[in-house]
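Please read the structure below before turning to the comments.
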Amino acid sequence: MLRKSLLIPLFIVNLFFLLKIILFKFGPVSMMTLIEQAKRSLVRPEIITNRLEWANLVPFDTISASIGSQQSLSQFMNLYGNIAIFIPTGIIISLLVKKKWLLSLIISFGISLSLECMQLFLSMGSFDVDDLILNTSGGVIGAGIVVIGSYIVRRVFRFGKAQKVA
């Protein structure tokens with residue numbers, strides 16, 4: 001119970017940082033900006049259609065272009081940053097739930113899809129299916145860290161107990 005009471009607020013803070021990084025690109029978070037952008041998209045839906053034309057809907061297109069070329073710092077940050085920012089999400093989810101891998105994958109994907117759709121709808125970034133793949137991978141890596149870390153801790157403590165008894 002204590003663990004959940006600490007992890008749920010941490011999860012909310014993590015969501016805030018994802019919102020800040022993905023939508024606001026490290027700038028100040030402004031609810032007014034979100035409201036204005038939403039109004040603009042509702043009044044002029046062609047904005048969304050135009051942005052959808054520029055969206056990457058081809059899986060691994062951005063990833064293969066980044067890997068297959070001399071990466072700029074921007075491409076490097078986009079590729080590995082999209083993985084890295086979701087690792088804490090996977091860690092927190094896997095500490096909160098029983099089916100660590102599956103739920104980390106599903107929840108990370110859901111959060112990433114929500115943020116990508118918000119970028120499209122609010123005109124605050126571009127929709128990229130590769131971001132979904134990278135973000136979800138980060139969530140699964142985070143879950144893997146917890147699973148492997150838990151296994152190692154159990155083995156160390158089990159080994160330590162066996163030493164003391166003998």
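The values are calculated or read from the model by the stated rules, or taken from the named source; none is laboratory data. These numbers come from a predicted model, not from an experiment. Backbone-built Cβ (ideal geometry, glycine too); neighbour counts: all protein chains shown.
Would you check if L7 is in contact with a helix residue (DSSP H, G or I) (Cβ under 7 Å, 6 or more places away or on another chain) and not charged (D, E, K, R)?
Values: in contact with a helix residue (DSSP H, G or I) (Cβ under 7 Å, 6 or more places away or on another chain): yes; not charged (D, E, K, R): yes.
When the stated conditions are applied, L7 passes them.
Determine the pairs where a residue that is under 13 Å from Q119 (Cα atoms), located within the stretch 47-66, has a partner that is among the charged types (D, E, K, R) with Cβ atoms under 9 Å apart, the partner being 6 or more residues away or on another chain.
From residues that are under 13 Å from Q119 (Cα atoms), the pairs are I47/R40; A55/E116; A55/D128; N56/D128; N56/D130; N56/D131.
Looking for whichever is within 10 Å of G139 (Cα to Cα), surrounded by 13 or more Cβ atoms within 10 Å (Cβ to Cβ) and out of contact with any His (no Cβ under 6 Å at 6 or more places or on another chain) here; the options are I63, I91. Which one fits? Walk me through how you get there before you give the answer.
Numbers: I63 fails: within 10 Å of G139 (Cα to Cα).
Result of the check over I63, I91: I91.
Suppose we keep only residues that are hydroxyl-bearing (S, T, Y) and touching a helix residue (DSSP H, G or I) at 6+ places or on another chain (Cβ under 8 Å) within the stretch 111-123. Which one would you say is surrounded by the most Cβ atoms within 10 Å (Cβ to Cβ)? Talk me through it step by step, then tell me what you get.
Step one: list which residues in the stretch 111-123 are hydroxyl-bearing (S, T, Y), which gives 112, 114, 123.
Next, from what is left, pick out any that are touching a helix residue (DSSP H, G or I) at 6+ places or on another chain (Cβ under 8 Å): 112, 123.
Values: S112: 25, S123: 15.
Result: S112.
Across the stretch 28-50, which residue is modelled with the highest pLDDT among those that are surrounded by 11 or more Cβ atoms within 10 Å (Cβ to Cβ) and under 24 Å from G81 (Cβ atoms)?
Q37
Which of (1) among the β-branched types (V, I, T); (2) crowded, with 17+ Cβ neighbours inside 10 Å; (3) more than 14 Å from the chain's Cα centre (by Cα) does V153 not meet, given it meets every other one?
(2)
Of these, S126, S108, which one is hydroxyl-bearing (S, T, Y), buried (at least 21 other Cβ atoms within 10 Å of the Cβ) and in contact with a helix residue (DSSP H, G or I) (Cβ under 8 Å, 6 or more places away or on another chain)?
Numbers: S126 fails: buried (at least 21 other Cβ atoms within 10 Å of the Cβ).
The conditions single out S108.
Do any helices (runs of 4 or more DSSP H) lying entirely in the stretch 51-120 carry at least 3 residues that are at pLDDT 95 or above, under 28 Å from Q37 (Cβ atoms) and charged (D, E, K, R), and which ones are they? Can you show your working first?
On the way: elements: 61-67, 73-84, 87-96.
Hits in the stretch 51-120: none.
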